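Student: Mind looking over this structure? Questions follow.
What follows draws every value from the coordinates through simple rules; no lab data is involved. If you're wondering where the values come from, they're calculated on a predicted model, not measured in any experiment. Methodologically, a virtual Cβ is constructed for each residue, glycine included, from the backbone with ideal geometry; neighbour enumeration extends over all protein chains shown.
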Amino acid sequence: MENLETIAIRTQAERTQFQEHSVPLYLTSSYVFDNAEDMRASFAEEKERNIYSRFTNPNTSEFVEKIAKMEGAESGYAFATGMSAVFSTLATLLDSGDHIISARSVFGSTHSLLTKYFPKWNISHSYFKVDEVDKIESLIKPQTKIIFAETPTNPGVDILDLEELGRIAKKHDLLLIIDNCFATPYLQNPIKFGADLVIHSATKLIDGQGRVLGGVTVGREDLIREIYLFSRNTGPALSPFNAWVLSKSLETLPVRIERHCENAVKLAEFLEGHENVEWVKYPFLKSHPQFEIAKKQMKLGGNIVSFEIKGGIEAGRNFIDNLKFCSRSANLGDTRTIITHPASTTHSKLSKEESLEAGITEGLIRVSVGLEHINDIIADLEQALKN
Ligand SMILES: *Cc1c(COP(=O)(O)O)cnc(C)c1O
């Protein structure tokens, strides 16, 4: 089994005596022991087995094993949300006094973590802009421990060069942690380029149908062990039910992503020729500033297309109001196409300067291209752009 499609389907929890074909849902908070010695040996970790579902559960273990294999990782741990994965991973590895270097374009709550909460524990950060990877080395301090980035970025779909990030991290003995949410394990495997850990919000394309929240961190065994011990004590574990849903979702991830990307390319090409559109950004369009890097590290361009509508904030709001079936929602990576206008919503509290640094312009529209028929998606955007 080396192809992702097969791994995603055939990695399964052990069959029970009932010989079920599809893996059952293990809704149990704890597990029983044969006798006192069995219990002692289990707690002493002389045996690898389930003790309590805050530690491990057959459904979460199956989900983690799949993601780890798909990412080429040694091990992993699953979390209740993507943010609990980000928080627990960083909180495990950073001590008071440490410093982290991160791309400025990170998920909003990750930004809050770095700027609002970590300073409480005397953990500092430096940001670099997505097009300034060459400046990272000048930001390194003796206390620097981690380089953190997302690629493609949200909502600007910029691409960071993973090979270059891996090279810098290795040269300076820093940990490289990549939030791979937008690419999924099907399109991009950061560990190949030198990442030590890879994080996913499973809420997005891994679930793919807008149902459950989840997160996961995979990577180096020694680091995951520390993350596991931290999490086992602090309690951000993924629920077995959500793990079961997410593991089933992974079975169809490769085919879903293929179609998401096919639809996204067609939409990007349509938008690129439209008179009310200033510019379009999609990693696999030749006009994308990091097209070559995207081609090097991604299998396909992903499902997020962003574009600048002519006319700024008002035009952006009108466009959103005129959509007929595309959803106005904050999620992404759903079967349903979702459209947002960051300047009037998710990023409305930022100053103009901060917005531009995060890559948010006034007429920026982010489209999470779904699995409806592409002709219908294009028709909805076309009529909304006309009005
Ligand atoms: C959504 C998202 C997260 C947070 O995930 P939740 O499951 O919502 O907690 C983290 N990183 C990226 C890039 C995301 O898109």
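Student: How many angstrom lie between the C-alpha centres of the stretch 1-32 and the stretch 330-356?
Tutor: 37 Å
Student: Taking R0 as 45 Å, what FRET efficiency do you get between ASN322 and GLU292 from their Cβ-Cβ distance, rounded to the nearest 0.05?
Tutor: 0.80
Student: Turning to a different aspect of this structure: Can you give me the Cα centroid spacing of the stretch 94-173 and the stretch 250-308 in angstrom?
Tutor: Comparing the Cα centres of the stretch 94-173 and the stretch 250-308, I get a distance of 25 Å.
Student: Please list, ordered by chain and number, the residues whose modelled amide H lies under 5 Å from the amide H of LEU364; skip anything fewer than 5 residues away on the same chain.
Tutor: Here ILE309, ALA343 satisfy the definition.
Student: Ranking request for peptides 142-153, 263-274, 359-370: highest mean number of other beta-carbon atoms within 10 Å first, then the rest in descending order.
Tutor: In decreasing order of mean packing, 142-153, 263-274, 359-370 become 359-370, 142-153, 263-274.
Student: At 0.36 nm per residue, and after removing the present C-alpha to C-alpha distance, how many nm does the segment from GLU314 to LYS141 gain when stretched out fully?
Tutor: Answer, rounded to one decimal: 57.9 nm.
Student: Let me ask something else. Which whole-Hz ³J(HN,Hα) couplings does the stretch 327-337 yield from phi under the Karplus relation 6.51 cos²θ - 1.76 cosθ + 1.60, θ = phi - 60°, glycine and proline marked x?
Tutor: 7, 9, 7, 8, 7, 8, x, 9, 4, 8, 5
Student: While we're on this one: Holding the Cα-Cα limit at 22 Å, pick out from LYS281/LYS386; LYS324/LYS352; LYS171/LYS299; LYS69/LYS299 the pairs that are longer than that.
Tutor: LYS324/LYS352; LYS171/LYS299
Student: If you don't mind, there's one more thing I want to ask. Provide the packing ranking of 40-48, 295-303, 184-192, i.e. peptides ordered by the mean count of other C-beta atoms within 10 Å per residue, highest first.
Tutor: 184-192, 295-303, 40-48
Student: I need the GluC sites (Glu not before Pro) found in the stretch 63-101, filtered to DSSP loop residues with at most 16 other beta carbons within 10 Å of theirs.
Tutor: Counting only loop positions with at most 16 other Cβ atoms within 10 Å, the GluC sites (Glu not before Pro) in the stretch 63-101 are GLU74.
Student: Can I ask one more? For the chain, what is the calculated [θ] at 222 nm in deg cm²/dmol (nearest 500), taking -39500 (n - 2.57) for each run of four or more DSSP H residues and dividing by its residue count?
Tutor: Values: 14 runs with 148 residues, N = 387.
Rounded to the nearest 500, the figure is -11500 deg cm²/dmol.
Student: Another question about this same structure. Just to verify a number: FRET efficiency for PHE241 and GLU357, C-beta to C-beta distance, R0 = 41 Å, to 0.05?
Tutor: Details: r = 39 Å, r/R0 = 0.96.
Once rounded, the FRET efficiency stands at 0.55.
Student: Now a separate question. Determine the gain in length on full extension of the stretch GLN19-GLU278; use 0.36 nm per residue of separation and subtract their C-alpha separation, reporting nm with one decimal.
Tutor: 87.5 nm
Student: Also: Most mobile of ASP161, ASP321, ASP196 per a Gaussian network model of the chain (Cα springs, under 10 Å)?
Tutor: The residue with the greatest mean-square fluctuation here is ASP321.
Student: Using R₀ = 30 Å, calculate the FRET efficiency as 1/(1 + (r/R₀)^6) where r is the Cβ-Cβ separation of SER329 and LYS129; round to 0.05.
Tutor: The calculated FRET efficiency here is 0.55.
Student: Quick one: which residues, 5+ away or cross-chain, put their amide H under 5 Å from the amide H of TRP279? H built at 1.01 Å from N.
Tutor: GLU308
Student: Compute a Gaussian network model of the chain, connecting alpha carbons closer than 10 Å, and tell me which residue from ASN322, ASN35, ASN122 fluctuates the most.
Tutor: ASN35
Student: Counting pairs of alpha carbon atoms under 8 Å apart in space and at least six apart in sequence, what relative contact order in percent does the chain give?
Tutor: After rounding, I find 17 percent.
Student: Ok, one more. Spin-label point model (7 Å from Cα, Cβ direction): what's the THR234 to LYS386 distance in nm?
Tutor: Result: 5.3 nm between the two label points.
Student: Starting at the first residue of the stretch 210-218, write each ³J(HN,Hα) from the Karplus equation 6.51 cos²θ - 1.76 cosθ + 1.60 with θ = phi - 60°, in whole Hz, x for Gly and Pro.
Tutor: So the J values, rounded to whole Hz, are x, 10, 10, 9, x, x, 7, 10, 10.
Student: Something else: If packing is taken as the mean number of other Cβ atoms within 10 Å per residue, what is the order of 128-136, 307-315, highest first? Could the numbers behind the result be given before it?
Tutor: Working: 128-136: 16.1, 307-315: 17.7.
Averaged packing, sorted descending, gives the order 307-315, 128-136.
Student: Evaluate the distance, in nm, between pseudo-label points positioned 7 Å from the Cα of ASP95 and of ASN35 along their respective Cα→Cβ axes.
Tutor: 4.4 nm
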